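Undergrad: I'd like to ask some things about the structure below.
Throughout, read-outs are computed from the coordinates displayed, never taken from laboratory work. All values reported here derive from a predicted model rather than from experimental measurement. Cβ placement follows ideal geometry from the backbone for every residue including glycine, while neighbour counts extend to all protein chains displayed.
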Amino acid sequence: MHFTKLLFTATFLLSFTILLASCDDNDITGPDDPSQVPLPPNFSQMQMETGIFTQGAGASKEAGHESGILAALHAFPGNHPQMAGEPEANPFQLASFLVAMVESAYTLHATYASFFTMNVVPDAVEVSGNEFFWDFSAQDFEAGETIEITVTAVVQDEVVNWTVIASADLEEGGFGEQQIIEGTSAFDGSSGEWSIRFDVPEEGFTYASTTIWDSEAGQLEKLDISTSITEDETGFYQHAEGVYTLDGTNAAIRDGRIQSPEFEGDDYFGDIDITRPFSVSWDIENENGTVTIAEENLCWDENRAAVDC
């Protein structure tokens with residue numbers, strides 16, 4: 001299977017085509033009112049307010065909005081000029097990189113969640129009391145594999161408990177049956193906590209993430225994200241985490257951390273160790289902000305120029 005390759009190019013899950021539910025139409029039962037059927041959270045519609053970075057000269061723009069946890073790293077290829085000298089030279093660029101890493105972790109979580117629940121729709125559900133079931137298949141045409149997916153939702157007092165189980169043919173290099181998603185959410189998906197774990201033992205590949213979120217009218221107000229990817233065969237490892245909040249026009253990522261052997265040393269931002277805990281705060285309208293890393297505060301103004309904090 002080509003999980004790692006597709007993941008790096010942000011086409012892993014989007015390259016699949018969803019087939020119809022494997023059950024017969026006559027076996028499908030459900031409420032007459034589709035609004036009574038719980039739907040999984042739509043992470044793609046709950047986005048972080050990071051426009052000042054994607055519109056500027058920072059990492060996200062240079063990455064071309066590439067999805068995946070490596071997006072920020074790809075924005076800074078090996079021939080990217082190193083920020084030598086004073087770290088205050090470009091705090092906005094440093095903030096862009098760190099924010100892009102956390103946002104990419106969330107994008108990847110959203111992509112996995114969307115793929116494994118893509119056929120969770122009211123007209124393809126089986127219902128038993130307060131339990132809702134979906135069974136369907138997804139085809140990976142590049143690898144020539146079929147993934148079988150079962151989604152279960154149990155509703156209790158407007159809270160939905162979700163589980164997703166999936167498997168692919170081991171003879172074709174797939175993976176054994178495993179629980180991919182476990183979590184809870186409000187009935188309308190506006191808040192909740194989802195954990196995703198996906199293992200391909202034959203390739204030593206593991207993806208794991210946990211997201212706690214709270215939104216209002218589709219506006220993401222708080223997000224706690226933690227995502228890790230490992231590939232034993234190549235020794236690859238990368239981790240990103242942070243707590244995003246939005247209060248009026250003030251956005252921030254606190255308790256941020258990115259870790260990977262590729263980030264060790266001073267190849268990115270001079271003498272700044274980007275694997276240290278960090279925080280970034282910015283005004284989504286005035287576009288000024290502060291990045292704190294290694295116990296040092298660095299600030300930029302509305303022109304993305306370094307200023308005294």
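Undergrad: If you take the square roots of the eigenvalues of the alpha-carbon gyration tensor of the range 159-309 and sort them as a ≥ b ≥ c, do you get rounded (a/c under 1.5), prolate (a/b over b/c) or oblate?
TA: On the way: a/c = 3.59, a/b = 1.40, b/c = 2.57.
Judged from the Cα gyration tensor, the range 159-309 comes out oblate (a/c at least 1.5, b/c at or above a/b).
Undergrad: Which of the three applies to the range 104-244, rounded, prolate or oblate, going by the alpha-carbon gyration tensor with a ≥ b ≥ c and a/c under 1.5 meaning rounded? Can you show the working numbers first?
TA: On the way: a/c = 2.29, a/b = 1.17, b/c = 1.95.
The shape class here is oblate.
Undergrad: Please compute the length gained on full extension between E177 and N303, using 0.36 nm multiplied by the number of residues separating them and subtracting their Cα-Cα distance.
TA: Working: separation 126, 0.36 × 126 = 45.36 nm, distance 5.21 nm.
Result for the pair: 40.2 nm of gain on full extension.
Undergrad: Find which of I258, S281, T234 sits farthest along the positive direction of the dipole of the range 223-309, computed with +1 on the beta-carbon of Lys and Arg, -1 on that of Asp and Glu, about the Cα centre.
TA: S281
Undergrad: Pick out, in residue order, every one of the GluC sites (Glu not before Pro) in the range 271-309 that is DSSP loop and has at most 14 other C-beta atoms within 10 Å; say none if there are none.
TA: On the way: sites: E285, E287, E295, E296, E302; in loops: E285, E287, E295, E302.
Passing both the DSSP loop test and the Cβ count: E285, E295, E302.
Undergrad: Now for a different question. Which of rounded, prolate, oblate describes the range 198-274, given a ≥ b ≥ c as roots of the alpha-carbon gyration tensor eigenvalues and a/c under 1.5 marking rounded, otherwise prolate only if a/b is larger than b/c? Before the final figure, lay out the partial values.
TA: Numbers: a/c = 4.50, a/b = 1.39, b/c = 3.24.
Note, shape of the range 198-274 comes out oblate.
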